[in-house]
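Report on the following structure.
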Amino acid sequence: MSATASLTAEAPNYLRDGSTLGSWLFTTDHKRIAILFAIGITIFFFIGGTAISIVRLELVTPAGDLVSDDTYNKLFTIHGIVMVWFFLVPSIPATFGNFLLPIMIGAKDLAFPRLNLLSWYLYIAGAAFTVITLIAGGVDTGWTFYTPYSTMFSNTAVLTAAAGVIVVGFSSVLTGVNFIATTHMLRAPGMTWFRLPLFVWGIYATSLVMVLATPVLAMTLLLVIAERWLDLPIFDPSRGGDPLLFQHLFWFYSHPAVYIMILPAMGVVSEIVACFARRRLFGYSFMVYCLVAIAVIGFFVWGHHMFVSGQSAYANLVFSFMSFMVAVPSAIKVFNWTATLYRGSISFDAPMLYAFGFLGLFTIGGLTGLFLATVPIDIHVTDTYFVIAHFHYIMVGGAVSAYFGGLHFWWPKITGRMYPGSWARFAAILMFFGFNFTFFPQFVMGYLGMPRRYHAYPPEFQVYHVLSSAGAAVLGVAYLLPLCYFAWSFFYGKRAPANPWQATGLEWQTSSPPPTGNFVAVPAVTDPYEYHPKEGPIDVQGQLL
Amino acid sequence: MTGMKLLLPEASKMAREVDIAFFVVLAISLVIFLTLFVLLVAFAARYRRGTCVPRGPLPRVLQHEIEIGWTAGTVFLAIFIFWWFVSGLPLPPRYAPNQLEIHVVAKQWMWKTQHPDGAREIDALHIPVGQPVRLVMTSQDVIHSFFVPAFRLKQDVLPGRDTELVFTPTEPGTFHLFCAEYCGTQHSHMTGEVVVMTPQDYAAWLRAQPHGDTLVRQGEALYAKLGCGACHSPQSQVRAPKLAGVFGNTVVLAGGGRAIADEAYLRKSILSPRDEIAAGYPPIMPSYAALASSSDIEALVAYIKSQSVQGQHR
């Protein structure tokens, strides 16, 4: 065992292929670019987290006494903009997608490696510029930039922030184009579409949404800039503009953006559940259809953000119906993951705990989506903490749990090191409880009428805010823990074998960490998730007989 | 029920319906969630690694039929919930003569309300219990949202157009009024209260208020000041639509469309008259956006309306 470990240590791999700063900043290796993205999103995650920590501290008391109302508004705007565009949207696609997509389909790199590097530079430049704007000047519009507030009334740095977000949008589009081309053109011999791991399908569906939706965000923000800077009447009603036009355009991007965050998460969870249940994924082809269905239907539900905006009552019904329809494939995916456990051989390593967390939290997020799709209920709870809780269950309970699940699953592959398993399991459990502790009270206070984005609030809501802030403290610790043990593992962790989880999938056929060209020999492609034969018995260990 | 902290007072007819819908969807969600939760825990326990249980491939019947079964079931459930709440929806609110019509103007960061007889309030709204109320709302600056949790009602208030809320308060009491759409620095201070009173108390309260001109009178004065009658009065030589009786009618538009002459249409016709020209008239009216503030337009619309509706409060 130790002999193989030291062999792995000596083997050439992408991490050892040059150690200068230049070898990282001018690399075209998709694995190194993935690491660059990972460093970026980690920094932005903690910036967004710091902003919301101050917000949660402020909300411990009903009076607005810790920061001024202006600062409060700027803080939640930082949190929203940074977490949505600089963390969640690139989180899984730009890190695991970048690292794993070529390896999973048996390719040497992405189709356009230099475009991939450009994508990172656009991301880091746009995001850093925006964050400097947000911290030095400040923007108080919320991440939604609603007009006419953003175009005519806010006297903060809307122009520069919007410009930065547009630049980061181009990074999304380039990454999406790259992934689509790679999936179409570079699959290894034998890697048919229905042999693709679901993670690849998730990234592929996400890329389609990125390429189709993100340009609309760029156009929308350009219109905001045009009105604010060039004084063109686009949203100003007194000059024939329409403020609701902005909301239609904005949500036409921003609802699909939710699927940009959740589809890759679904892919990650599919990989983890199959591996740790040692089971073929139940209903593989249905899972694929569901991913595609969510990506397509997701384009036709944007109006459910606007039930009280003054749009027509009939439009409300159409968008409500479409929202119920998009719930169907999401529900089927949850059923299929659950069914995959049946007759499995389940172990509870850290990635699996995160996947279980995802299942519970995503289910709650999805079910509360039914409340919001029901127009009369939505009229009451929209723009309250109920909505905040709902989308955090999807984006944090769902997407972030899956991100951490994926991180624990593929960390040995990416770094070639193992991490302390019991610390990781502890962090997973702490994150699950901290999360519920933070966000479940928000459902209750939202139903009771606590509006969003309030700096001060009536005292009867205080008990829920205190619970939520206490939970946020637990959650904060749970997010810091992995930072510590991963840092330790990177330098001192035990060397990881090529396939520490005995998982299927081409990424486990190459060494940990993989060599620069990903594979020394051409990998053998089989069905994904061949954890047991389609027919015939398997033993109690879940091994093939 | 009212003693429980988890429940909001139900103070309007709508509130009861929203709560029924809420708790029905909650019950459905709980059934689904608990089923999944029990299955997850049971599978996790029974099939944890090392237990001695059968783990062969699934029987064929479980592989496809069950998938089709729960897909169909989920589609059916989704359509059922949709059908069920839609069938219970009230029709879009229409003008009715028995409604108490109150005008609401939102601005950063206050609510201004005006009663039919001219009484005005700031950050407060007094209304009698049991009386259908119709709020006609507009904003002077950004988008706000009129939210009364106890009524389970919320409606965005937009600049440059009217939105409406129709409701009937059913319980006397004092309830929160919140601005629910983020509107700038002091958004969280854009709150107020809705006081629902018995009809007698309301009448007494109304008498005690200082009365300005009613909205209709203000509108009449503006109508004269801005010279609207020069074109729109029956004696005018200019070919312009006569306004008496226009409110509530269908207007045939140049180009073949039709529009109902409601508040939104009248407002639009004052602000950008050339967008929807009544058929047969030349498009000669200029925009009055620069000459009339949004409260002025409320008043003008109220005046034009009073020329059409019999028994309108004056």
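The values are calculated or read from the model by the stated rules, or taken from the named source; none is laboratory data. This structure is a prediction, so every number in the text was calculated from the model and none was measured. Here Cβ is always computed from backbone atoms with ideal geometry, including for glycine, and neighbour counts include all displayed protein chains.
Could you please give the count of residues in the stretch A:422-448 that are among the β-branched types (Val, Ile, Thr) and either modelled with pLDDT under 95 or over 21 Å from A:Ala399 (Cβ atoms) (or both)?
1
Inspect all residues belonging to the stretch B:176-184 and state whether any of them is free of Cβ contacts under 8 Å to residues at least 60 places away in the same chain, closer than 30 Å to A:Pro376 by Cβ and of a type in the set (Ser, Thr, Tyr).
yes
Does at least one position in the stretch B:66-76 carry a residue that is within 25 Å of A:Phe348 (Cβ to Cβ), in contact with a helix residue (DSSP H, G or I) (Cβ under 9 Å, 6 or more places away or on another chain), at pLDDT below 90 and surrounded by 14 or more Cβ atoms within 10 Å (Cβ to Cβ)?
no
Sort through A:Ala470, A:Ala503, A:Ala427, A:Ala478 and tell me the only one that's over 25 Å from A:Ile39 (Cα atoms), outside any loop (DSSP other than H, G, I, E, B) and away from chain B (no Cβ under 14 Å).
The match here is A:Ala470.
Matching residues to (1) facing chain B (nearest Cβ under 7 Å); (2) buried (at least 23 other Cβ atoms within 10 Å of the Cβ); (3) over 18 Å from B:Ile68 (Cα atoms):
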residue: A:Ser312; (1), (2), (3): no, no, yes
residue: A:Leu317; (1), (2), (3): yes, no, yes
residue: A:Val326; (1), (2), (3): no, yes, no
residue: A:Tyr342; (1), (2), (3): yes, no, no
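Each row is one residue, and each column tells you yes or no for (1) within 14 Å of another protein chain (Cβ to nearest Cβ); (2) within 23 Å of A:His455 (Cα to Cα).
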site: A:Arg32; (1), (2): no, no
site: A:Ile47; (1), (2): no, yes
site: A:Leu57; (1), (2): no, yes
site: A:Pro62; (1), (2): yes, yes
site: A:Val67; (1), (2): yes, yes
site: A:Asp70; (1), (2): yes, yes
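Give the number of residues within the stretch A:331-340 that are crowded, with 23+ Cβ neighbours inside 10 Å and small (Gly, Ala, Ser).
1
Exactly one of these conditions fails for B:Tyr182: (1) away from chain A (no Cβ under 14 Å); (2) of a type outside the set (A, V, I, L, M); (3) in a loop (DSSP other than H, G, I, E, B). Give me its number.
The single condition B:Tyr182 does not satisfy is (1).
Could you grab me the full set of residues in the stretch B:120-176 that are surrounded by fewer than 24 Cβ atoms within 10 Å (Cβ to Cβ) and of a type in the set (Phe, Trp, Tyr)?
Across the stretch B:120-176, the qualifying residues are B:Phe167, B:Phe175.
Just one of the numbered conditions (1) at pLDDT below 90; (2) crowded, with 18+ Cβ neighbours inside 10 Å; (3) out of contact with any Lys or Arg (no Cβ under 9 Å at 6 or more places or on another chain) is not true of B:Thr51; which one?
Just one mismatch for B:Thr51, condition (2).
Kindly evaluate B:Glu220 against the criterion of being surrounded by 16 or more Cβ atoms within 10 Å (Cβ to Cβ) and either in contact with a strand residue (DSSP E or B) (Cβ under 9 Å, 6 or more places away or on another chain) or among the β-branched types (Val, Ile, Thr) (or both).
No: the conditions fail for B:Glu220.
Given the residues B:Pro116, B:Pro57, which is the only one that is surrounded by 12 or more Cβ atoms within 10 Å (Cβ to Cβ), of a type outside the set (S, T, N, Q) and at the interface with another protein chain (Cβ under 10 Å from one of its Cβ atoms)?
Answer to the selection: B:Pro57.
Of the conditions (1) within 14 Å of chain B (Cβ to nearest Cβ); (2) touching a Leu at 6+ places or on another chain (Cβ under 9 Å); (3) not charged (D, E, K, R), A:Gly446 clears all except one; give me its number.
Failed condition: (2).
What number of residues within the stretch A:101-145 are among the acidic types (Asp, Glu) and within 14 Å of chain B (Cβ to nearest Cβ)?
Residues flagged as among the acidic types (Asp, Glu) and within 14 Å of chain B (Cβ to nearest Cβ) within the stretch A:101-145 amount to 1.
Any idea which of (1) over 22 Å from A:Ser91 (Cβ atoms); (2) within 14 Å of chain B (Cβ to nearest Cβ); (3) of a type in the set (A, V, I, L, M) is the one A:Val269 doesn't satisfy?
Here A:Val269 clears every test but (1).
I'm checking my understanding of the structure. Among residues of the stretch B:132-143 that are out of contact with any Phe, Trp or Tyr (no Cβ under 8 Å at 6 or more places or on another chain) and of a type outside the set (Ser, Thr, Tyr), which one is nearest to the other protein chains (Cβ to nearest Cβ)?
Across the stretch B:132-143, the extreme among qualifying residues is B:Gln140.
Which residues, counting only those in the stretch B:228-247, are surrounded by 12 or more Cβ atoms within 10 Å (Cβ to Cβ) and without any contact (Cβ under 8 Å) to a residue 60 or more places away in the chain?
The answer is B:Gly229, B:Ala230, B:Cys231, B:His232, B:Ser233, B:Ser236, B:Val238, B:Ala240, B:Pro241, B:Lys242.
Kindly evaluate B:Asp117 against the criterion of being in contact with a Lys or Arg (Cβ under 6 Å, 6 or more places away or on another chain) and not in a strand (DSSP E or B).
no
Within the stretch A:344-355, can you find the residues that are at the interface with another protein chain (Cβ under 7 Å from one of its Cβ atoms), in contact with a helix residue (DSSP H, G or I) (Cβ under 8 Å, 6 or more places away or on another chain) and surrounded by 22 or more Cβ atoms within 10 Å (Cβ to Cβ)?
Selection gives A:Gly344, A:Ile346.
Among the residues of the stretch A:438-456, is any among the basic types (Lys, Arg), touching a residue at least 12 places away in the same chain (Cβ under 8 Å) and assigned to a loop (DSSP other than H, G, I, E, B)?
Taking every residue of the stretch A:438-456 in turn, at least one turns out to be among the basic types (Lys, Arg), touching a residue at least 12 places away in the same chain (Cβ under 8 Å) and assigned to a loop (DSSP other than H, G, I, E, B).
Out of contact with any Leu (no Cβ under 9 Å at 6 or more places or on another chain) and modelled with pLDDT of 95 or more, is that true of A:Phe324?
It is false that A:Phe324 is out of contact with any Leu (no Cβ under 9 Å at 6 or more places or on another chain) and modelled with pLDDT of 95 or more.
Sort through B:Thr174, B:Thr170, B:Thr191 and tell me the only one that's polar (S, T, N, Q) and in contact with a Ser or Thr (Cβ under 7 Å, 6 or more places away or on another chain).
Only one candidate qualifies: B:Thr170.
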